[in-house]
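Below is one structure; the comments refer to it alone.
The values are calculated or read from the model by the stated rules, or taken from the named source; none is laboratory data. Only a predicted model underlies this, so the values are computations on that prediction, with no experimental measurement involved. Cβ atoms come from the backbone with ideal geometry, glycine included; neighbour counts cover every protein chain shown. Heavy atoms of the whole protein, side chains included, go into the accessibility calculation; ligands, DNA and RNA do not. Shrake-Rupley method; radii C 1.70, N 1.55, O 1.52, S 1.80 Å.
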Amino acid sequence: MGMTMTQKILARHAHLDEVKAGQLIEADIDLVLGNDITSPVAVTEFQKFGTDKVFNKDKVAIVPDHFTPNKDIKAAQQCKYIREFAKKMDITNYFEIGEVGIEHALIPEKGLVVAGDLVIGADSHTCTYGALGAFSTGVGSTDMAAGMATGKAWFKVPGAIRFNLTGELKGWVSGKDVILHIIGMIGVDGALYKSMEFGGPGMKSLSMDDRLCMANMAIEAGAKNGIFEVDEKTIEYIKEHSEKPYTVYKADDDAVYEKVYDINLSEVKETVAFPHLPDNTRTIDEVGDVPIDQVVIGSCTNGRISDLRVAAKILKGRHVKKGVRTIIIPGTQKIYKQAMQEGLVDIFIDAGAIFSFPTCGPCLGGHLGILAQGERAVSTTNRNFVGRMGHVESEVYLASPAVAAASAVTGKISSPEEL
């Protein structure tokens, strides 16, 4: 019986000829990741192992990105704790102020993950790196601690769902619209502990940023991981960003999928997820009149340079509606600098938006854009749960950078076609 891409990667890292869905395995890890929220707990647990060093100082990455620059004393204490740990362990890939970025934008940019890798991270959106043909998944802080100490982790091999992509994106439609469309179709538990595997001729229409966005939100369908077939675009991206050796795994022709979905990208419309779940989706022509108070463009989902370019294209020569707070957050320092060099920052400021430093910030209700009671935001982030970005009686509408930017101009959820 054949194996999927995910199963082949897991088998290789478990030193097995084959694995099957439901099987329990112990596998070697290529990268262990943590942030300023999850790493302090992991460090405390790590110290219980009685070891004085991590398994490989080059294969641990810690990125304080959620509440940084420190928003309060507690955040400062957390960062100090992990900073001292990283220094003591001589961790190579510790990224703080001056070189920090939103972790899931920074790690691919730094070339720390390539095709065929196995990655765990104490953050649910670690599944982002499946865009590169890697198996990557979120774990708890105790698993992060064990991973740092041993270089291994236990897994239950997931079953798989196949998404055959055909056609090509039209108009302002992006990868964000595609993944919202899919989540709306299968539900927030539609891929529960499954591997969402994407392939087909339609992949040619998706940029690497589109794929990173889509893999990032696999967890919003309950998936264990999301993963894309490796093609020329993937290889080009890897070679541009990394010197690590990579391995391309292809699903067997007789690989077993629990479900197979055919997605014609030409038919996907701009899509918005209404409160309070990512699967509560409506196409832009079904939205109606929804006035808003705030727009956030950024996050590990949509803070890449292509996202900022789209927003700038829409905002150029226009001004955000009076009273609509518009916050734009680049994913990394490199993206920040590139946005300045391309004149995007001038466009944003002239349009009445604010341009922030790289941070998760408002996505998880941390800082830099907390919502008050009764307020509504259009956000390019990944979750719109009750109270996700502030008050429990606020509302978050998930959308693409194009829809978010257009909405900032009109003051209500809008398509760029309406401008």
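Regarding the range 87-214, what is the average projected area of its C-alpha convex hull, in nm²? Show your work: numbers first, answer last.
Numbers: hull surface 38.3 nm².
Reported value for the Cα convex hull: 9.6 nm².
In the structure displayed, which of 53/88; 224/334; 20/259; 321/412; 152/224 lie more than 19 Å apart, Cα to Cα?
Exceeds cut-off: 224/334.
In debye, nearest 20: dipole of the range 99-153 around its Cα centre with unit charges on the Cβ of K, R (+) and D, E (-)?
The dipole magnitude comes to about 160 debye.
Roughly what % antiparallel, to the nearest 5, for the DSSP beta bridges in the chain?
Percent antiparallel among DSSP bridges in the chain is about 20.
Leaving out ligands, DNA and RNA but keeping every protein chain, what accessible area does residue 258 have, in Å² rounded to the nearest 10, with a 1.4 Å probe?
110
Taking the Cα centre of the chain as the origin and placing charges on Cβ (Lys, Arg +1; Asp, Glu -1), which of 118, 381, 283 is farthest toward the positive end of the dipole?
Selected residue: 381.
How about residue 322: which aspartates and glutamates have a C-alpha closer than 14 Å to its C-alpha, ignoring those fewer than 8 places off in the same chain?
Filter leaves 293, 350.
Pop out the ³J(HN,Hα) list for the range 377-394 in order, Karplus 6.51 cos²θ - 1.76 cosθ + 1.60 with θ = phi - 60°, rounded to Hz; leave Gly and Pro as x.
Coupling constants for the range 377-394: 10, 9, 9, 8, 6, 10, 9, 10, 4, 4, x, 4, 10, x, 4, 5, 9, 9 Hz.
Quick one: grab the alpha carbon gyration tensor of the chain, order the square roots of its eigenvalues as a ≥ b ≥ c, and give me rounded if a/c is under 1.5, else prolate or oblate depending on whether a/b is larger than b/c. Don't jump to the answer; show the numbers that get you there.
Working: a/c = 1.76, a/b = 1.23, b/c = 1.43.
Taking the square roots of the gyration eigenvalues as a ≥ b ≥ c, the chain is oblate.
Suppose each label sits 7 Å from its Cα in the direction of the beta carbon; what would the residue 313-residue 256 distance come out to in nanometres?
4.4
Could you give the length gained by full extension between residue 247 and residue 99, i.e. 0.36 nm per residue of separation minus their alpha carbon distance, to one decimal place?
Extra length available between residue 247 and residue 99 comes to 50.4 nm.
Under unit Cβ charges (Lys, Arg +1; Asp, Glu -1), what dipole magnitude, rounded to 20 debye, does the chain have relative to its Cα centre? All intermediate terms of the calculation are to be shown ahead of the outcome.
Working: 44 positive and 54 negative charges, 167 e Å.
In total the dipole reaches around 800 debye.
If one computes the Cα centroid of the range 27-99 and of the range 209-256, what distance in Å separates the two points?
One Cα centre to the other: 26 Å.
With all protein chains present and a 1.4 Å probe, how do 150, 410, 68 order by accessible area, largest first?
Details: 150 75, 410 40, 68 5 Å².
If we order 150, 410, 68 from most to least accessible, we get 150, 410, 68.
Given R₀ = 56 Å, what would the calculated FRET efficiency be for residue 185 paired with residue 49, taking r from the Cβ atoms and rounding to 0.05?
Once rounded, the FRET efficiency stands at 0.80.
Post the alpha-carbon centroid distance, the range 138-164 to the range 297-329, in whole angstrom.
Each part's Cα centre sits 34 Å from the other's.
HN-Hα J couplings of the range 42-58 from phi, Karplus 6.51/-1.76/1.60, θ = phi - 60°, integer Hz, Gly and Pro as x?
Calculated HN-Hα couplings, in order: 5, 5, 4, 5, 4, 5, 6, 6, x, 9, 9, 7, 6, 4, 7, 5, 8 Hz.
Using a 1.4 Å probe on the protein heavy atoms, what percent of the accessible area of the range 63-195 belongs to carbon and sulfur?
Summing carbon and sulfur atoms, their accessible area is 52 percent of the total for the range 63-195.
Among 353, 405, 131, whose mean-square fluctuation peaks in a Gaussian network model of the chain (Cα, cutoff 10 Å)?
353
Just read off the accessible area of residue 318 with the full protein assembly in place, 1.4 Å probe, to the nearest 10 Å².
The accessible area comes out at roughly 90 Å².
Place a point 7 Å from the Cα of residue 193 along the Cα-to-Cβ direction; which residues of the range 150-179 have their backbone N under 13 Å from it?
So the set is 155-160.
Rank 77, 295, 410 by how far each Cα sits towards the positive end of the charge dipole of the chain (+1 on Lys, Arg Cβ; -1 on Asp, Glu Cβ) and give me just the farthest.
Value computed over the given set: 77.
According to a simple spin-label model (label point 7 Å from Cα along Cα-to-Cβ), what is the distance in nm between residue 340 and residue 81?
3.4
If amide hydrogens are placed 1.01 Å from N in the peptide plane, which non-local residues have theirs closer than 5 Å to the one on residue 151?
Excluding prolines and chain starts, which carry no amide H, the hits are 55.
Roughly speaking, what is the stretch gain from residue 232 to residue 170, that is 0.36 nm per residue apart minus the C-alpha to C-alpha distance, in nm to one decimal?
Values: separation 62, 0.36 × 62 = 22.32 nm, distance 2.17 nm.
Here the segment from residue 232 to residue 170 would lengthen by 20.1 nm.
Let me have the relative contact order for the range 47-179, percent, based on Cα pairs under 8 Å that are six or more residues apart.
21
Straight-line reach only, C-alpha to C-alpha below 16 angstrom: list the aspartates and glutamates that residue 244 could link to, leaving out same-chain residues fewer than 8 apart.
Straight-distance partners of residue 244: 30, 58, 109, 117, 236.
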